[in-house]
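Below you'll find the structure, written out as structure tokens, and then a few comments.
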Amino acid sequence: MALQRPSPFRAGIALRCPACGKGKLFSKYLVVHEQCPACGAKLGQGDSGDAPMVFIILILGFVVVGGALFTEVKYGPPLWLHAILWVPTILLGTLALMPIFKSVFYALTYHYDAHEQIGAPPPADPRARP
């Protein structure tokens, strides 16, 4: 019986290996294990690219801009108070969301075997002359 892969979203949100769903994906903060500690799957060659950061910018931008607008309209605080509220929110939100989003996108690239295509030469054009 073949090992069934877990859902990439379930493995990603749990920060687990995309092959087995049991081993930890990260050895340190945002550093992917070379091999899964549980199943031995090779994990080091994949990459999530810039996709996690794009989604984090969109989500935190919505939260921070919405929160800042609401705070400004409702309470009208001075600008320094906005800076004290929203700069740490952006920094902590980014640090908290980055492992989750990186793990999800890493699991998606693993699930769809996109990690094998990174750095591979393009396929030969059959119309090209030798």
Go through the stretch 2-26 and give me each residue that's among the basic types (Lys, Arg), part of a loop (DSSP other than H, G, I, E, B) and free of Cβ contacts under 8 Å to residues at least 60 places away in the same chain. Lys22
Given the options Thr89, Thr94, name the one that is in a helix (DSSP H, G or I), under 16 Å from the mean Cα position of the chain (by Cα), among the polar types (S, T, N, Q) and at pLDDT 95 or above. Thr94
Before we move on, is Lys42 out of contact with any strand residue (DSSP E or B) (no Cβ under 9 Å at 6 or more places or on another chain) and either exposed (fewer than 14 other Cβ atoms within 10 Å of the Cβ) or at positive phi (or both)? no
How many residues does the stretch 1-31 contain that are under 13 Å from Phe101 (Cα atoms) and either modelled with pLDDT under 90 or of a type outside the set (Phe, Trp, Tyr) (or both)? 10
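Conditions (1) hydrophobic (A, V, I, L, M, F, W, C); (2) out of contact with any His (no Cβ under 8 Å at 6 or more places or on another chain); (3) surrounded by fewer than 12 Cβ atoms within 10 Å (Cβ to Cβ); (4) within 22 Å of Thr94 (Cα to Cα), marked per residue:
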residue: Gly21; (1), (2), (3), (4): no, yes, no, no
residue: Leu25; (1), (2), (3), (4): yes, no, no, yes
residue: Val32; (1), (2), (3), (4): yes, yes, no, yes
residue: Ala38; (1), (2), (3), (4): yes, yes, no, no
residue: Met53; (1), (2), (3), (4): yes, yes, no, yes
residue: Phe70; (1), (2), (3), (4): yes, yes, yes, yes
Select from the stretch 34-47 the residues that are assigned to a loop (DSSP other than H, G, I, E, B) and either among the aliphatic types (A, V, I, L, M) or free of Cβ contacts under 8 Å to residues at least 12 places away in the same chain (or both) and write down the one among them that is nearest to Ile100 (Cα to Cα). Leu43
Set Phe70, Phe105, Phe55: member being in a helix (DSSP H, G or I) and in contact (Cβ under 8 Å) with a residue 60 or more places away in the chain: Phe105
Filter the stretch 97-130 down to the residues that are in contact with a Gly (Cβ under 8 Å, 6 or more places away or on another chain) and of a type in the set (Ser, Thr, Tyr), then identify the one that is modelled with the highest pLDDT. Ser103
Apart from one, (1) in contact with a Cys (Cβ under 7 Å, 6 or more places away or on another chain); (2) over 25 Å from Arg5 (Cβ atoms) all hold for Val63; the odd one out is (1)
If Gly76 satisfies all but one of (1) assigned to a loop (DSSP other than H, G, I, E, B); (2) surrounded by 13 or more Cβ atoms within 10 Å (Cβ to Cβ); (3) not hydrophobic (A, V, I, L, M, F, W, C), what's the number of the condition it fails? (2)
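The values are calculated or read from the model by the stated rules, or taken from the named source; none is laboratory data. Treat the numbers as computed from the prediction; the structure is a model and nothing was measured. Ideal geometry is used to build each Cβ from the backbone, glycine not excepted, and the neighbour counts take in all protein chains shown.
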